[in-house]
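Heads up, the thing below is written out as C-alpha cells.
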Amino acid sequence: MDSISLCQNPLVTDIKLPSHETLMKSGRVPTVSLHLLVKNGESCVGRLLDNVGPYLREVVAVVNDTTDRTIEILRQKCEQHNLELLVIEVTFETHPDFYLLDVPETYQRGVALSDECYEGPFTGKPLLAAWAAARNLGWDKCRCEWRLFLDSDDIVEDPQSIPGLCLALEERGIDLATSRYQYATTSGGRSQADAFRERLAANKPAIRWVGSVHEVLKGQEHTAHIEGSLRVVDKRDSLGEGLRPSGRCFKVLYHEARLFNKLGLDIPARTWIYLAMESKREVPELALFALDKYLDVSAWAEERAWAYVMKGEIFEERGDEVDAVSCYEKSLEEHPGTKSAFRLCKVCFSLKRWQAAIDAYYLGVANKTTLQVVESGEVFEDACKILVAASYGKLGRVNDALKWCNAALVCFPNSQPLQAMKVKFERAVAKGVPELG
C-alpha cells in the first residue's frame with residue numbers, strides 16, 4: 001500500500017448485511033478460508049476456531065517453529081466444526097532461506113546506516129525473517145472464494161457478519177477489505193490502540209503478501225475500509241508471545257537495510273518507517289535518522305503524518321517539548337489526525353499553554369471523522385479530558401472545568417485525583433472564584 005493513499009479508498013459504512021440464516025435460505029453463501037501464521041498458539045487458537053469456525057469452509061495454517069500442541073488443537077477444532085484443514089510447517093530445517101541467525105555477525109554485514117553500532121541482545125538461534133514468504137505458502141493453498149486473515153489470539157466481535165460481508169463486497173466489486181482492529185485495551189475494556197488492517201481478500205492470484213516483517217497485501221484492484229462490521233480485537237493472551245525473541249522485527253529490518261546500503265540501493269520508504277517504529281525506544285537516535293530518511297523520500301501524506309508523530313514522541317521522551325509541539329503540528333499539516341492532536345494537547349498542557357491544549361483536544365475530536373492511518377484509541381481522548389478540565393481551571397473558567405472534570409470521571413470513575421479535582425472545582429464554583437491558580 002506504499003503508493004495508495006488510504007483516503008483514496010472508500011470508507012464503507014452503509015452496507016446492509018443479510019443475516020446468516022437469510023444467506024443459508026438463499027443458497028448463496030460465499031466460501032471462506034481462514035489463513036493463519038501461528039507459533040505456539042495452543043492457549044488461544046481453539047478459541048479462535050470456536051469464534052469464526054461456523055462461518056468458514058476451511059483453515060489453512062502455516063505453523064512456524066512450534067513446540068506445543070497447536071497442530072493437535074487445530075485438528076480437533078476443525079473436526080468439531082466440520083472444516084477442512086491444511087497445515088504447513090515452517091522451520092529452519094525445512095525453509096532455511098526464510099531465516100537469519102541471530103548472532104552479532106549477522107548485523108555487522110553490509111554498511112552501517114549512520115554511525116550506529118548494534119550490540120544486541122542476541123539469542124544465537126535462527127530467526128524467521130521472511131514472514132510474507134511464509135504466509136504465501138499457505139495463502140496460495142486457500143481454495144475458497146474469500147480468504148480471511150486473523151492472528152491466533154484475535155477475536156471477531158461479530159463473526160456472523162463474515163458471509164454477508166463477503167457477498168456485499170462481491171456486489172460492489174471490492175477485492176480487499178480492511179476493518180477496525182483493536183489491539184490494546186485497558187483493564188476496563190477501553191481501547192488504547194486501534195487502526196484499520198487487512199481482513200478479507202478475494203481469492204485472486206495477484207493478491208499476495210509482501211514484506212520481510214510487518215507484511216502487507218499487494219495486487220488488489222479495489223480496496224475498501226469497512227466501518228461497523230468485522231470488528232477484530234487482539235486479546236494479546238497467546239502464551240507464545242513470551243517466547244518471541246526480543247527486538248525480532250527491528251533485527252530483520254536493520255539487517256535488510258544494511259544490505260541495501262552495501263549494494264548502493266535505495267532503502268525503501270516502508271523499511272525506513274518500520275525501522276523507526278521498531279527502534280524508537282531502544283535506539284532513538286537511529287529512529288530519528290530513519291524518520292528523516294523516510295520523510296526525504298515519501299509523499300504519502302497520511303504516513304508522513306505518522307512519521308512526524310513518532311518524531312514528536314521521541315522528543316517528548318527526551319523532555320524536548322518545544323520540538324515535540326513542532327512535530328505534532330507538522331503531522332496535522334500533513335493529515336488531520338486524532339493521535340497527533342491529542343499528543344499536542346498533552347505537550348501544550350506541559351508547557352502551560354492552556355488554551356492551546358484545549359484547542360488541540362477539540363481538533364482531535366473533529367478529526368475523528370477522517371480516516372486515520374496512525375493508530376489511536378479511546379484512552380488518548382479520555383486522558384485529554386482531564387487536561388481540558390485542568391486547563392479550563394487555569395484559565396479561570398471553573399464552570400467549564402467542572403463540566404470536563406465530570407466528563408473525565410465517566411471514563412475514570414475510580415480516580416482519586418480526579419475526584420479531588422472535582423471537589424476543588426465545585427468549591428470554586430460555589431464561591432464564585434474566577435481564578436484557581
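The values are calculated or read from the model by the stated rules, or taken from the named source; none is laboratory data. Just so you know, these numbers come straight off a predicted model, no measurement behind them. Neighbour counts are summed over all protein chains in view; Cβ atoms, including those assigned to glycine, are modelled from backbone coordinates with ideal geometry.
Is it true that some residue in segment 262-283 is within 17 Å of the chain's Cα centre (by Cα), farther than 26 Å from Asp151 by Cα and not assigned by TED's automatic domain parsing to the domain that holds Leu137?
no
This table checks each residue for (1) acidic (Asp, Glu); (2) touching a His at 6+ places or on another chain (Cβ under 7 Å); (3) more than 20 Å from Ala290 (Cα to Cα).
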residue	(1), (2), (3)
Arg304	no, no, no
Met310	no, no, no
Glu317	yes, no, no
Ala324	no, no, no
Cys327	no, no, no
Leu332	no, no, yes
Gly337	no, no, yes
Trp354	no, no, yes
Leu363	no, no, yes
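Name every residue in segment 220-252 that is free of Cβ contacts under 8 Å to residues at least 24 places away in the same chain and in contact with a Pro (Cβ under 8 Å, 6 or more places away or on another chain), in order of residue number.
If the condition is that a residue be free of Cβ contacts under 8 Å to residues at least 24 places away in the same chain and in contact with a Pro (Cβ under 8 Å, 6 or more places away or on another chain), then no residue fits.
Only one of Leu127, Leu167 is closer than 26 Å to Leu17 by Cβ, aliphatic (A, V, I, L, M) and outside any loop (DSSP other than H, G, I, E, B). Can you tell me which?
Only one candidate passes the filter, namely Leu167.
Restricting the search to segment 245-267, which residues are surrounded by fewer than 14 Cβ atoms within 10 Å (Cβ to Cβ) and either in contact with a strand residue (DSSP E or B) (Cβ under 6 Å, 6 or more places away or on another chain) or assigned to a loop (DSSP other than H, G, I, E, B) (or both)?
Ser246, Gly264, Leu265, Asp266 - these are the residues of segment 245-267 that are surrounded by fewer than 14 Cβ atoms within 10 Å (Cβ to Cβ) and either in contact with a strand residue (DSSP E or B) (Cβ under 6 Å, 6 or more places away or on another chain) or assigned to a loop (DSSP other than H, G, I, E, B) (or both).
Looking at Arg147, Arg135 in this structure, which one is under 22 Å from His225 (Cα atoms) and surrounded by 21 or more Cβ atoms within 10 Å (Cβ to Cβ)?
Result: Arg147 is the single residue among Arg147, Arg135 that is under 22 Å from His225 (Cα atoms) and surrounded by 21 or more Cβ atoms within 10 Å (Cβ to Cβ).
Return the residues of segment 232-243 that are surrounded by fewer than 21 Cβ atoms within 10 Å (Cβ to Cβ) and more than 18 Å from the chain's Cα centre (by Cα); say none if nothing qualifies.
Leu239, Gly242, Leu243, listed by residue number.
Does Glu302 meet the test of being in a helix (DSSP H, G or I), charged (D, E, K, R) and at pLDDT 95 or above?
In short, no.
Looking at Arg199, Arg180 in this structure, which one is charged (D, E, K, R) and at pLDDT below 90?
Arg180
Taking the options Leu387, Leu402, Leu351, name whichever one is free of Cβ contacts under 8 Å to residues at least 40 places away in the same chain, crowded, with 16+ Cβ neighbours inside 10 Å and not assigned by TED's automatic domain parsing to the domain that holds His225.
Leu402
Here is a yes/no grid of residues against (1) part of a helix (DSSP H, G or I); (2) touching a helix residue (DSSP H, G or I) at 6+ places or on another chain (Cβ under 9 Å); (3) at pLDDT 95 or above:
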{"residue": "Asp382", "(1), (2), (3)": "yes, yes, no"}
{"residue": "Val388", "(1), (2), (3)": "yes, yes, yes"}
{"residue": "Trp404", "(1), (2), (3)": "yes, yes, yes"}
{"residue": "Pro417", "(1), (2), (3)": "yes, yes, no"}
{"residue": "Lys424", "(1), (2), (3)": "yes, yes, no"}
{"residue": "Val429", "(1), (2), (3)": "yes, yes, no"}
{"residue": "Glu435", "(1), (2), (3)": "no, yes, no"}
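Name the one entry in Val111, Val29, Val59, Val52 that is closer than 30 Å to Glu171 by Cβ and assigned to a loop (DSSP other than H, G, I, E, B).
Val29
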